[in-house]
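*Asks:* Just dropping this structure here.
The values are calculated or read from the model by the stated rules, or taken from the named source; none is laboratory data. Because the structure is a prediction, the values reported are computed rather than measured. Note that each Cβ is placed from the backbone with ideal geometry, even for glycine, and that neighbours are counted across all protein chains shown.
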Amino acid sequence: MSADVPAIEVERLVKTYNGTTAVDGVSFRIPRGAIVGLLGGNGAGKTTTISAIMGLVVPTSGEVRVLGTDMRRDRHRILHRMNFESPYVDLPGRLTVRQNILTFARLYGLPDPKARVRELAEELDLTDFLDRATGKLSAGQKTRVALAKALVNDPDVLLLDEPTASLDPDTASWIRDRIARHRDEKGASILLASHNMREVERLCDRVIFMRRGTVVADAPPAELLERYGRDTMEDVFIDVARGQAVMAALESGL
Ligand code: ATP
């Protein structure tokens with residue numbers, strides 16, 4: 001397959017849940033080897049977009065292609081090259097960390113699942129709690145286990161939904177380095193939803209801002225800082241969010 005084929009292509013994606021439109025005609029492309037941030041206020045449609053790319057949510061309309069493969073028709077062909085992490089998807093709590101990661105290593109058909117578990121445990125510092133029930137771990141420990149699960153198949157396309165939520169600053173920084181290393185060493189393409197603007201500035205080549213299910217900006221962080229005349233992405237985020245407040249007021253006739 002040509003290296004020119006984008007990692008992810010989303011075209012006019014719409015997702016409606018019982019009358020609520022979560023995603024309302026979103027289009028974007030993620031090139032190979034890029035780390036792209038997906039930003040937006042609560043309820044903007046980020047998780048729904050990520051779930052549709054993974055094939056976990058069936059789009060109401062529109063198209064999603066990953067490495068050129070249509071996710072609606074042929075996702076079984078490409079799922080082995082993808083993975084995701086989300087704090088909203090819990091691993092079975094009664095299984096130990098080892099059992100959980102081993103299960104995924106087997107599901108992905110890795111040649112030596114046990115060796116992969118040992119490797120990830122060492123790399124992500126899970127050894128101390130490898131044989132404890134996953135449900136009894138602290139939030140930060142669970143996040144590390146979720147990242148181990150997300151990296152188990154060394155994916156070419158990685159989708160991360162708030163990968164450093166509930167981590168202490170030191171662990172969060174370490175996890176960010178690990179994510180950057182996955183891109184640098186593997187040439188992987190990463191889409192990352194985050195509310196942490198420093199994380200976005202540090203990791204992302206480009207950011208896509210969503211608001212009410214639509215894309216309102218898609219540019220490198222430096223370009224957005226310039227466009228909004230701001231020094232930090234945090235200020236840009238607030239400007240976008242306030243834009244929403246002003247629009248909402250206008251639309252409701254206030
Ligand atoms: P957050 O930053 O709060 O995680 P988000 O940008 O990830 O938000 P989504 O979780 O995609 O936003 O939600 C977008 C909209 O769709 C919200 O209005 C939400 O209430 C709605 N929604 C999401 N999932 C469902 C569902 N399973 N059933 C009904 N409505 C849903």
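*Asks:* What's the number of the only condition in (1) more than 8 Å from the ligand (Cβ to nearest atom); (2) within 23 Å of H195 (Cα to Cα) that T49 fails to meet?
*Replies:* (1)
*Asks:* Scan T47, T20, T60, T16 and give me the residue that is without any contact (Cβ under 8 Å) to a residue 40 or more places away in the chain and not aromatic (F, W, Y).
*Replies:* Result of the check over T47, T20, T60, T16: T20.
*Asks:* Mind telling me which of the residues R183, R106, R144 ends up being assigned to a helix (DSSP H, G or I) and surrounded by 20 or more Cβ atoms within 10 Å (Cβ to Cβ)?
*Replies:* Numbers: R183 fails: surrounded by 20 or more Cβ atoms within 10 Å (Cβ to Cβ); R106 fails: surrounded by 20 or more Cβ atoms within 10 Å (Cβ to Cβ).
Result of the check over R183, R106, R144: R144.
*Asks:* Determine which single condition E63 fails, assuming it passes every other condition in (1) within 16 Å of the ligand (Cβ to nearest atom); (2) touching a Leu at 6+ places or on another chain (Cβ under 9 Å).
*Replies:* (1)
*Asks:* Within the stretch 160-171, does at least one residue satisfy the condition of being closer than 27 Å to T20 by Cβ, at pLDDT below 90, more than 16 Å from the ligand (Cβ to nearest atom) and not in a helix (DSSP H, G or I)?
*Replies:* Among the residues of the stretch 160-171, not one is closer than 27 Å to T20 by Cβ, at pLDDT below 90, more than 16 Å from the ligand (Cβ to nearest atom) and not in a helix (DSSP H, G or I), which makes the answer no.
*Asks:* A further question follows. Please go through the stretch 199-230 and give me each residue that is assigned to a helix (DSSP H, G or I) and within 16 Å of the chain's Cα centre (by Cα), ordered by number.
*Replies:* Let us first name the residues in the stretch 199-230 that are assigned to a helix (DSSP H, G or I), namely 199-203, 221-228.
If the condition is that a residue be assigned to a helix (DSSP H, G or I) and within 16 Å of the chain's Cα centre (by Cα), then E199, V200, E201, R202, L203 are the ones that fit.
*Asks:* Show me the strands (runs of 3 or more DSSP E) entirely contained within the stretch 1-94 in which 3 or more residues are surrounded by fewer than 19 Cβ atoms within 10 Å (Cβ to Cβ) and over 17 Å from the mean Cα position of the chain (by Cα).
*Replies:* Details: elements: 8-17, 20-30, 35-39, 61-66, 82-85.
By residue number, 8-17, 20-30, 61-66.
*Asks:* Another one. When you scan the stretch 15-27, do you find a residue that is away from the ligand (no atom under 14 Å from the Cβ) and in contact with an Asp or Glu (Cβ under 7 Å, 6 or more places away or on another chain), even just one?
*Replies:* Within the stretch 15-27, one or more residues are away from the ligand (no atom under 14 Å from the Cβ) and in contact with an Asp or Glu (Cβ under 7 Å, 6 or more places away or on another chain).
*Asks:* Does the stretch 215-230 include one or more residues that are small (G, A, S) and either modelled with pLDDT of 95 or more or closer than 23 Å to F84 by Cα (or both)? Even if it seems obvious, please write down each step before you answer.
*Replies:* So the first thing to find is which residues in the stretch 215-230 are small (G, A, S), and the list is 217, 219, 222, 229.
Then keep just the ones that are either modelled with pLDDT of 95 or more or closer than 23 Å to F84 by Cα (or both); that gives none.
The answer is no; no qualifying residue exists.
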